[in-house]
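The values are calculated or read from the model by the stated rules, or taken from the named source; none is laboratory data. In this text the structure is predicted, and so the values were computed from the model without any measurement. Here Cβ is always computed from backbone atoms with ideal geometry, including for glycine, and neighbour counts include all displayed protein chains.
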Amino acid sequence: MLIAIEGIDGSGKSTIANYLKEELEKEGFRVVVFKEPTNSIYGQKIRQSFNNRLDAHKELELFLLDRKHDVEKNILPALKKGYIIVMDRYYYSTIAYQGARGIDIDKIKKMNEKIAPKPDLVIILDVKPEIGIRRIKERGDKPNKFEDLEYLEKVRKIFLELKDDNIVIVDANKNIEFVKNEVLRAIKKFLKFKDTQNSHQA
């Protein structure tokens, strides 16, 4: 099973991804967390551009190459071994972040779904950009070019407009305990649905 945790910078994705791993492991599942961009050569180039952004199309190309690497080296092997995969960012981030730079959203989605498996569940942690930026500063980081307030408003808008049966939006403006409970509830609801599906098929 593939779960993607998405949202703008400062929404709490890494915290929630690691929390989910712990909770699902308590239930006896084997879980692995993968974070994008990866440490591949493409991921490193993306990170190097955080304060001096590349042309939008070049940026998209690097994200696609990095994701292809992630799918081949990490995601597909873990799925074959029966792991639940929790993604700390996945291609919905590319849709939102590169879409906010003017690239056609449907085109980005199609390009990604040619190379990457669609997640069973997408949890979008929705937070106001000013709160996200404040959290980034509170953890001692300096906001980079991906974390500009006006830009993040556009990114957030795209995230909230994404429509699919597998998407759940969680209010991440609230405290972390509330967010953890909401995410866990969404996961348990989904797993119950999955069990029902499997029993019908059996």
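Of the residues Y83, Y97, which single one is aromatic (F, W, Y) and under 28 Å from K174 (Cβ atoms)?
Numbers: Y83 fails: under 28 Å from K174 (Cβ atoms).
Y97 is the lone residue from the list that is aromatic (F, W, Y) and under 28 Å from K174 (Cβ atoms).
Any chance you could count how many residues in segment 107-149 are surrounded by 13 or more Cβ atoms within 10 Å (Cβ to Cβ), modelled with pLDDT under 95 and small (G, A, S)?
Adding up the residues that qualify gives 1.
Please work out if D55 is crowded, with 20+ Cβ neighbours inside 10 Å, farther than 21 Å from I167 by Cβ and free of Cβ contacts under 8 Å to residues at least 40 places away in the same chain.
no
Would you mind finding the one in D120, D126, D171 that is in contact with a Lys or Arg (Cβ under 8 Å, 6 or more places away or on another chain) and within 30 Å of G28 (Cβ to Cβ)?
Values: D126 fails: within 30 Å of G28 (Cβ to Cβ); D171 fails: in contact with a Lys or Arg (Cβ under 8 Å, 6 or more places away or on another chain).
Being in contact with a Lys or Arg (Cβ under 8 Å, 6 or more places away or on another chain) and within 30 Å of G28 (Cβ to Cβ) holds for just one of D120, D126, D171, which is D120.
Of the conditions (1) more than 26 Å from L191 (Cβ to Cβ); (2) in contact with a strand residue (DSSP E or B) (Cβ under 6 Å, 6 or more places away or on another chain), A17 clears all except one; give me its number.
Looking at each condition in turn, A17 falls short on (1).
Working only within segment 1-52, note down all residues that are part of a helix (DSSP H, G or I), in contact with an Asp or Glu (Cβ under 7 Å, 6 or more places away or on another chain) and surrounded by 14 or more Cβ atoms within 10 Å (Cβ to Cβ).
Matches in segment 1-52: K13, A17, Y42, G43, I46.
What is the residue count in segment 83-125 for residues that are of a type in the set (A, V, I, L, M, F, W, C) and in contact with a strand residue (DSSP E or B) (Cβ under 6 Å, 6 or more places away or on another chain)?
9
Working carefully through the options K21, K45, K13, find the one that is under 23 Å from I158 (Cα atoms) and modelled with pLDDT of 95 or more.
K13
Name the pairs: first residue in segment 90-116 and within 11 Å of F63 (Cβ to Cβ) and aromatic (F, W, Y), second residue at pLDDT below 95 and surrounded by fewer than 22 Cβ atoms within 10 Å (Cβ to Cβ), Cβ to Cβ under 6 Å, at least 6 apart or on different chains?
Going by the 6 Å Cβ cut-off, there are no qualifying pairs.
Answer yes or no as to whether N74 is out of contact with any His (no Cβ under 6 Å at 6 or more places or on another chain), in contact (Cβ under 8 Å) with a residue 60 or more places away in the chain and surrounded by fewer than 20 Cβ atoms within 10 Å (Cβ to Cβ).
For N74, the condition - out of contact with any His (no Cβ under 6 Å at 6 or more places or on another chain), in contact (Cβ under 8 Å) with a residue 60 or more places away in the chain and surrounded by fewer than 20 Cβ atoms within 10 Å (Cβ to Cβ) - is not met.
Of everything in segment 150-165 that's buried (at least 16 other Cβ atoms within 10 Å of the Cβ) and free of Cβ contacts under 8 Å to residues at least 60 places away in the same chain, which residue is farthest from F190 (Cα to Cα)?
So, considering only residues that are buried (at least 16 other Cβ atoms within 10 Å of the Cβ) and free of Cβ contacts under 8 Å to residues at least 60 places away in the same chain, the one farthest from F190 (Cα to Cα) is Y151.
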